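Here's the structure, in structure tokens; my notes come after.
The values are calculated or read from the model by the stated rules, or taken from the named source; none is laboratory data. The shown structure was predicted, so the numbers you read here are calculated from the model rather than taken from an experiment. Heads up, the Cβs are rebuilt from the backbone with ideal geometry, glycines too, and the neighbour counts pull from every protein chain shown. Surface areas here come from the heavy atoms of the whole protein model, side chains and all, with no ligands, DNA or RNA. Shrake-Rupley method; radii C 1.70, N 1.55, O 1.52, S 1.80 Å.
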Amino acid sequence: MQNKISIKVGGPAGEGVFTVGLLLAKYFKLNGLEVVYTTDYPSLIKGGHNTCSIRAEDGPVYAEMKHHDVVACMDKLAVQEDVSSRNHTGIVVTDSKLVESMNLQDDFYVGIPIDSLIEDVGKRFKNTIVFGAIVGLISVSEEDAKEFISQTLSKHFGKKSQEIIDTNIDVALRGVRFVNEHVSHKKLNKIVKIENTTQRVMMTGNDAAALGALKAGLKFVSEYPMTPSTSFLSFFAAREISHNITTKHAEDEIAAINNVIGAAASGARAMTATSGGGYALMNEAISFAGMSENPVVIFECMRAGPSTGLPTYTDQGDLMHVLYSGSGEFPKVVFAPGDLQEAFYGGFEAFNIADLVQTPVVVLLDKHISASVMTTPRFDTSNLVVNRGNFQEFDANLELENYKRYELTQDGISKRVVIGQKGGCHVNSSYEHDESGWTSEDGEMHKLQMEKRHKKLNNIDKELIKPKILGRESDYDITLVSWGSNKSILQEATKYLEQDGIKVRQIHFMFLNPCDWEYVDEILRIDVEKNSVMLFEGNMTGQLHSLIRMNTGLNILEKKLKYDARPFFYEDVYRDVENFLKKRGMNIVGGNQK
Amino acid sequence: MKLVNTSEDVLKKSGQINDHEEVLRLYDEHSSEVKDWDEPEHKSQWCPGCGNFAILLAFKKAMVSLKIRPEEVCIVSGIGQAGKFPHYVKCYGVETLHGRALPVATGVKLANKDVNVVVVGGDGDGFGLGMGHFVHSARRNLDVTYLIHNNEIYGLTKGQTSPTSPKGTKTVSTPNGSIETPIHPVEQAITNGATFVARCFAGDMEQTVRVMAQAMKHKGFAIVEMLQPCVSYNPSKNHQYFKERCIRVEESGDYNPTNKNWALALVHREKAGLIKDEKIACGILYHNDSERGTYLDELPESADLALVKQDISNVDIEGLLDKFE
Ligand SMILES: Cc1ncc(C[n+]2csc(CCOP(=O)(O)OP(=O)(O)O)c2C)c(N)n1
Ligand code: SF4
Ligand SMILES: [Mg+2]
């Protein structure tokens, strides 16, 4: 592998740390590399300590690294906090003022005289100069750096004036020139452009899911801002006119979900997005949607709780909350995409499933997948088909006869109509009802309607609800189990474990409900009994662990639970697996892991 | 001129009907009778003598007077005695959650602007759990009509004090008399920005039908406080009580409903107990069509065609994907 680099940038909030990160991500993508760009920031607008990490390689990368080739420290605090995350050959780029004042003597420090380099243009170009200096350190030549810097900045500032773009290019190149002239002795892997023939896009998980929803014909969004789901609201608000969707910033989450239920009852494809606290407020309405059989789609982007918790940090603590939200028993679809591809196709499919089974569909994301920027092959939309299920599109020339909204049918699914359709009058109700929608407290009717609602889930594609086996299906030493965004991190660890001769089978639970538990039992029982299964979850109590046990009786003994509100590092996963296998007497050669 | 949305409006707009005679003929065919709005199979769950019966009849008569068809109307209700309303009217209905009728109605209307949306709920429903939504709906000025049945009591849960119960009201939840001052529905509606505010007692059927129809025709958020006797849990405010006190405000000398200050002055006199003989002014108390546009007027995405009627079979996102390359 030619190209392989990981960079961390740290600095005060509001000083362009994330701009440096994004510019580098774009720079690498233009060089044909695969990129993961993650951010770590407290819930503050100015003054907090922000960091981001940019990792790029020739082949697929799925997760950030723990240790970096370059650490750029934009202030004193960053030097104190982030220097320890350099790898053993890594260098630290910082302001030469700090090198002096903090007496940084190690030769891995590269001091950039930021103030004098941008004296004529002003302090706001600090991030551009840092970007330029980093590029200078990793580019093969100044011409090469110039070419890609121009492209990167033109793309980044696309809408701004040529003058702004030119000044930025000029400033970035001063950074390049400075390191070329003064720090040539620092050894670093150089980035060489590769031909990447697959068409790729670069975006966050929320962007991918929102694009899927847009493709699915989403017409109505109502949301109340809550990190890390807020970008859905702004994504759709910006596309109201271009894509004919109404976006409502509701007065609260209760209003948001009820707006969505109303729009769905009308017949439009509708969604909301929120995080755990907002989802808690939606509980009553979610069971209303279940009872009244209105197809609503909810994106729940988890952050660390309980309560207000750690707003900008990741966690997987809401699985049980979401699965069991709402009063009473009603069917609910819950799935958790593991990467951008699953976020996009899941974002699309959520609406087909909602229309198919006419009940709430919750897509569980978390801050890690919601807000990290990654490259992925451009989504192929040519085979995506909008399927509205048993739904009567509005027809002014049609008068329905004997229409019953909650008709008891073989598969549990009954026809929906657009409010306004002739012959379709009925009450869409939160009360138990008979086939017509009229309130019924008859025990027999209640049983029949309960059964009708519950059996609707049987109509979902049987293949879709099986957990996905990644990598080896047979001849493996260990099975790694996870759900949601940890899929990618385990994939990354698996890559290195396999290089070191450890044979890994990975099981990713995308569908949490419904889920094919018989199949789960089939693929896990022998391995659980041999104690050769490890489960990784971003919560404290092992919620998937409990769910598997509840549904299959299988008790996975080796669970790695991370609840420090940070994503897993694949390096740690590697070590965990290595240690576990060693304990079990396996001889591991090791060495490739980095 | 009728201002409600009927399929004829839509046809006319789309230029499918040009002949004036033809329009008139269709318009006539379109009209309904009260029985077209009946749901004879749905046996009422209200107490005999409940004020809701008269409101129900007035509503059906108002619909007939508007010459709209049942499928062109959707009643979105909360939970309570008033919340059962949609079951007794043949039209579309959504019986939502306690206090959440307004946000559901907002979604119904924004997704399908061609439907005439009526919201029905009790005083507890609207001013208890639903108060936040009430305030925001008023400032939103969405084109829906809100009938708030005020019996100054929680009827369905058997007689607890409600947000509109007068101070000192003794019920099972306030046996020593309620301590809080009541909410004044008309005041809330006007000060929060509703563009049509009325109060009716269905004992005056003629006025109630007329005002309801006007509320429906109003472009914007129209609120009608329905004075509703609850014979079981608030027996002192029975039909007789309202019959003796309700007067037609439009017949009073200084009637000036387009003037907010006039309406608010009336509210203040009522709150201060300065109204002679405890008369209750019924009719349209504030009405201003030109004050501001409705929420939907500002939404270009559904200006030509209601969202639910737009084709979604092949949405193009390729241009957007290009931007992420
Ligand atoms: C979330 C929730 N809380 C409480 C209730 C119980 N509840 C049903 S109706 C009602 C009050 C009804 O009073 P009002 O809205 O004035 O309607 P009325 O019955 O007087 O017409 C209450 C408390 C409920 N259904 N849902
Ligand atoms: S309890 Fe009161 S409000 Fe309820 S039905 Fe009886 S009379 Fe009407
Ligand atoms: Mg009441």
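Odds and ends about this structure:
- Looking at region A:468-583, the pairs of alpha carbons with a distance over 20 Å make up 35% of the total.
- Value of relative contact order over region A:400-550, rounded to a whole percent, pairs C-alpha under 8 Å and six or more apart: 20
- Rounded to the nearest 10 square angstrom, A:SER485 shows an accessible area of 10 square angstrom against a 1.4 Å probe.
- DSSP-loop trypsin sites (Lys or Arg not before Pro) across region A:2-50, with at most 11 other Cβ within 10 angstrom: A:LYS46
- Taking amide H positions as modeled 1.01 Å from N, with prolines and chain starts lacking one, the residues under 5 Å from A:HIS68 and 5 or more places away or on another chain are A:ARG86, A:ASN87.
- Calculated [θ] (222 nm, deg cm²/dmol) that DSSP helices of n ≥ 4 give over chain A, each run adding -39,500 (n - 2.57): -11500 deg cm²/dmol
- Solvent-accessible surface of protein heavy atoms, probed at 1.4 angstrom with all chains present, puts A:ILE460, A:ILE254 in the order A:ILE254, A:ILE460, largest first.
- Overall form of region A:202-377 per C-alpha gyration tensor (a/c, 1.5; a/b vs b/c): rounded
- Region B:87-153: C-alpha gyration tensor shape, a/c 1.5 cut-off, then a/b vs b/c: oblate
- Radius 15 Å from Cβ of B:LYS279, net charge of other residues (Lys, Arg +1; Asp, Glu -1): 0
- Residue order for B:GLU187, B:GLU39, A:GLU223 - accessible surface, 1.4 angstrom probe, largest first: B:GLU39, B:GLU187, A:GLU223
- Basic side chains Lys and Arg get +1 at the Cβ, acidic Asp and Glu get -1 at the Cβ, and with that the dipole of chain A about its Cα centre reaches some 840 debye.
- Remark: spin-label model distance B:HIS268-A:ARG584 equals 8.1 nm, labels positioned 7 Å along the Cα→Cβ axis.
- Relative contact order %, chain A, counting alpha carbon pairs below 8 Å whose residues are six or more apart: 12
- In the protein assembly as shown, the portion of solvent-accessible area held by carbon and sulfur atoms comes to 50 percent [1.4 Å probe, whole percent, DNA, RNA and ligands not counted].
- With DNA, RNA and ligands ignored, accessible area of B:ASP316 (1.4 Å probe; Å², nearest 10): 100
- Taking every protein chain into account, the accessible area of the protein assembly as shown amounts to 39 square angstrom per residue (probe 1.4 Å).
- Where B meets A: accessible area buried, both sides, 1.4 Å probe, Å²: 5200
- Alpha carbon Rg of the protein assembly as shown, scaled by the compact-globule rule 2.2 N^0.38 Å: 1.09
- For chain A, the antiparallel share of DSSP beta bridges with both residues in that region comes to about 40%.
- Between the helical axis of B:20-30 and the longest alpha-carbon principal axis of chain B there is an angle of about 50 degrees.
- Against chain A, whose longest principal axis is taken from its Cα atoms, helix A:162-182 shows a tilt of about 50°.
- Note on region A:202-377: dipole from Cβ charges, positive end direction compared against A:VAL322, A:ALA304, A:THR359; the farthest Cα belongs to A:THR359.
- q = 0.16, 0.22 Å⁻¹, region A:433-507: log10 I(q)/I(0) [Debye, one scatterer per Cα]: -0.67, -0.95
- Around B:ARG245: net Lys/Arg minus Asp/Glu count, Cβ-Cβ under 9 Å: -1
- Our Cα-only numbers for region A:4-182 put the radius of gyration and Dmax at 15.0, 43 Å.
- Cα convex hull of chain B - mean projected area over all directions, nm²: 20.5
- Across B:ASN116, B:ASN176, B:ASN234, mean-square fluctuation computed from a Gaussian network of chain B (C-alpha pairs under 10 Å connected) peaks at B:ASN176.
- Size of charge dipole - region A:468-583 - debye, nearest 20, with Cβ of Lys, Arg +1 and Asp, Glu -1, no other charges: 220
- Given charges at Cβ of Lys, Arg, Asp, Glu: region B:7-322 dipole, positive-most of B:MET131, B:ALA215, B:PRO182: B:PRO182
- Shape of region A:521-586, Cα gyration tensor, a/c cut at 1.5: oblate
- To the nearest ten degrees, helix A:543-552 and the longest principal axis of the Cα atoms of chain A are 40 degrees apart.
- The magnitude of the dipole of region A:4-182, with charges of +1 and -1 set on the Cβ of Lys/Arg and Asp/Glu and taken from the Cα centre, is near 560 debye.
- Taking a straight Cα-Cα cut-off under 19 Å and skipping sequence neighbours fewer than 8 places away in the same chain, the lysines within cross-link reach of B:LYS271 are B:LYS167, B:LYS237, B:LYS260, B:LYS279.
- Heavy-atom accessible area ranking, 1.4 Å probe, most first, across A:LYS367, A:LYS97: A:LYS97, A:LYS367
- Relative contact order of region A:313-391, pairs being alpha-carbon contacts under 8 Å that are 6 or more residues apart, as %: 38
- Translational diffusion of region B:210-265 was estimated from the Stokes-Einstein equation, with Rh taken as the Kirkwood radius over Cα pairs; at 10 °C and 1.306 mPa s the coefficient is 115 µm²/s.
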